[in-house]
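**Student:** I'd like to ask you about the structure that follows.
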Amino acid sequence: MLRPLAMPYHKHVSLHSQITAILQQGLSQATTGMIFSIMWCLWKTRNDHRFNKSNWMVTRVLHEAKAADTTYNIAIVDNTMPQSITHAAILRK
């Protein structure tokens, strides 16, 4: 389980610090992958709202995150992931 109290919280915490804190918690690869997929979809939602004045429902964010995570996992299993992204996956383990 993700421990929110283990996450750094300051006014100007970098994304790198947040990612490092998640990776140091020793979560399973599946859990870590889903957390990063949710983070990515939240970023997409933020940009869509900021630049297109679009609002996403929470269920859409979660659905998109699950779809991104599933697609990523299938690409890893099928070995269809581009080399540069595959390298990042190795670092995620």
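The values are calculated or read from the model by the stated rules, or taken from the named source; none is laboratory data. Quick caveat: nothing in here was measured; it's all calculated off a predicted structure. We place every Cβ from the backbone using ideal geometry, glycine too, and count neighbours over all the protein chains shown.
**Student:** When you scan the stretch 40-55, how many residues do you find that are in contact with a helix residue (DSSP H, G or I) (Cβ under 8 Å, 6 or more places away or on another chain) and under 15 Å from ASP69 (Cβ atoms)?
**Tutor:** Looking only at that region, the number is 4.
**Student:** Right, something else. Quickly run through the stretch 27-84 and pick out the residues that are surrounded by 15 or more Cβ atoms within 10 Å (Cβ to Cβ) and among the acidic types (Asp, Glu).
**Tutor:** Those that are surrounded by 15 or more Cβ atoms within 10 Å (Cβ to Cβ) and among the acidic types (Asp, Glu): GLU64, ASP69.
**Student:** Among the hydroxyl-bearing types (Ser, Thr, Tyr), touching a residue at least 60 places away in the same chain (Cβ under 8 Å) and either part of a helix (DSSP H, G or I) or at positive phi (or both) - does that describe any residue in the stretch 31-44?
**Tutor:** Among the residues of the stretch 31-44, at least one is among the hydroxyl-bearing types (Ser, Thr, Tyr), touching a residue at least 60 places away in the same chain (Cβ under 8 Å) and either part of a helix (DSSP H, G or I) or at positive phi (or both), which makes the answer yes.
**Student:** Can we say ALA68 is modelled with pLDDT under 80 and under 13 Å from the mean Cα position of the chain (by Cα)?
**Tutor:** Taking the combined requirement at face value, the residue does not satisfy it.
**Student:** Of the numbered conditions (1) of a type outside the set (Ser, Thr, Tyr); (2) at pLDDT 90 or above; (3) more than 15 Å from the chain's Cα centre (by Cα), MET39 satisfies every one except a single condition; which is it?
**Tutor:** It is condition (3) that MET39 fails.
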